[in-house]
Structure formats: structure tokens, C-alpha cells
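Step one of this worksheet: look at the structure below.
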Amino acid sequence: MNTIAADLEGTLTTGETWRGMAAWMQAHGRAGEYQRFFYRNLPGAVAARLGLADKRAFQDRFMEGAAGLLAGLGQAELTAVSEWVVTNELWPKRRLEVLDELLRLRQEGRRLVLCSATFQPILEAFARRLGEGVEALGTPLEVEGGVFTGRLRGPVRSGAHKAEHLGKFLQGEALFAAYGDSLPDLPMLELAEQPVVVYPEPRLRQLAMARNWRIIG
């Protein structure tokens, strides 16, 4: 039991990928394109916020649509965008106390894998900040002929999809610990011997208290 799994947004950082993408488009003369996409999705966002629609389902659809904003980029360009989003949004808002704990566990010989609905290149860019050997299981992007098509290669890896992919990654190995902040992380947390919830949303906090799981924040 060497492996630790950690969610990204809300767990390792308070930053959000979509905000980073919006800022990148603003900085690169594509603000209007992003604004049109955002306002098309605004009714769904409001419904999800008010509890009139499933929040996670909306977020997954939003991510799938947002991927289209990056269509046509080559591999090197995708890497550059990913580094920009991490540098300007995700890394400055990182949760230092959680990252320090994970890095201590790494020094003890634990294997660390980041598991997130975030696009794979962005998750990999964040993982690189944590040192050599940190692995990333994010939402994969479809690339053909070295160019991103704007489509995902499979479903957004949140909730059950995240846990399923992590289970395949582990290849039968038991999971030592898992860190998450929201109810969609529950399937992943339940795989671990030591589930840890980080600044959890109210429903997950209540469940963690009932199950006597460790809570950070």
C-alpha cells in the first residue's frame, strides 16, 4: 500500500481551471470567444447553483464544451497553455498545508497520483510542480495528427469515472490514502484505507464525521 491519490481543484488548490482558461483567452486576444461560450452556459450555471440541476453533471458538460475552445492547438501549444493556467491560476492558490503533507509522505516513499476531472495536460503541468515521479490521471484530450480536435477522449473523469480509472491504474494494489473535497470524490475516497477530506463541502463534511474520517480545514 504505497499509493496516495489526491483530487486537484478544492483539494490541492482553490484555483479553478475554467478561470485560468478564461484568463488565458483574455490575455491572448480571445476574450470575446470565451464570453460567448460562457453566456451560452450561464442558464445552466445558475440552475446548478440554485440546486435546480445537478451541479456535477453541469460541470462535466461545461468542461466538455470548454475543451472546444482549445481546438486546433498542437501539442507544444497545449503544453504552453497548460503551464500558463497553472502558473497564473492554480499554483498561486495552492493549499500549502496539504501539499506539504503530501510531499512529506512522498519523502517516506509513497507514490503520489493526482486524480482529477481537469484536462490531462493541465493536471500534468501541476504534477510537475510537485517533483519528479508525481503522476496524473486527468480527463484525456483527443489528439489527431499532433493537433487537438477539441473533443475529449472518453468521459470527464469525475465521480465514478475517476474512481474507475484509478482502480485500473492501481492494478489490484490497495490504496493507502485519498484526499478530496467534494461529494463527487466519494467513490475515490472509499477506495482508500485512509480517506482524508480537505475543506469539504457541507454534505461531505457531514458524511466524513459520521464515518470518522480525517478532516483538514
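The residue pairs whose first member lies in region 135-164 and is among the basic types (K, R), whose second member is open to solvent by less than 20 Å² (accessible area, probe 1.4 Å) and not in a strand (DSSP E or B), and whose beta carbons are closer than 6 Å, counting only pairs six or more residues apart or on different chains, are R153/P140; K162/M188. Tell me yes or no: at least one residue of region 190-206 is out of contact with any Asp or Glu (no Cβ under 8 Å at 6 or more places or on another chain), modelled with pLDDT under 95 and either open to solvent by 50 Å² or more (accessible area, probe 1.4 Å) or not in a loop (DSSP other than H, G, I, E, B) (or both). Yes, there is a match, as at least one residue in region 190-206 is out of contact with any Asp or Glu (no Cβ under 8 Å at 6 or more places or on another chain), modelled with pLDDT under 95 and either open to solvent by 50 Å² or more (accessible area, probe 1.4 Å) or not in a loop (DSSP other than H, G, I, E, B) (or both). Comparison of G109, G159, G131, G146 shows that the only residue that is open to solvent by less than 80 Å² (accessible area, probe 1.4 Å), touching a Pro at 6+ places or on another chain (Cβ under 8 Å) and at positive phi is G159. Note on region 14-97: enclosed helices (runs of 4 or more DSSP H) holding 3 or more residues that are farther than 24 Å from P155 by Cβ and either more than 20 Å from the chain's Cα centre (by Cα) or not aliphatic (A, V, I, L, M) (or both) are 17-27, 31-49, 75-85. Residues in region 70-84 that are surrounded by fewer than 18 Cβ atoms within 10 Å (Cβ to Cβ) and aliphatic (A, V, I, L, M): A71, A76, A80.
Quick check on A178: is it open to solvent by less than 20 Å² (accessible area, probe 1.4 Å), farther than 21 Å from P195 by Cα, among the aliphatic types (A, V, I, L, M) and modelled with pLDDT of 95 or more?
no
Would you be able to say whether some residue in region 13-21 is surrounded by 13 or more Cβ atoms within 10 Å (Cβ to Cβ), under 28 Å from A174 (Cβ atoms) and in contact with a strand residue (DSSP E or B) (Cβ under 9 Å, 6 or more places away or on another chain)? Among the residues of region 13-21, at least one is surrounded by 13 or more Cβ atoms within 10 Å (Cβ to Cβ), under 28 Å from A174 (Cβ atoms) and in contact with a strand residue (DSSP E or B) (Cβ under 9 Å, 6 or more places away or on another chain), which makes the answer yes.
The values are calculated or read from the model by the stated rules, or taken from the named source; none is laboratory data. Remember, predicted model here, so these are calculated numbers, not experimental data. Cβ atoms come from the backbone with ideal geometry, glycine included; neighbour counts cover every protein chain shown. For accessibility, only protein heavy atoms count, side chains too; no ligands or nucleic acids. Shrake-Rupley method; radii C 1.70, N 1.55, O 1.52, S 1.80 Å.
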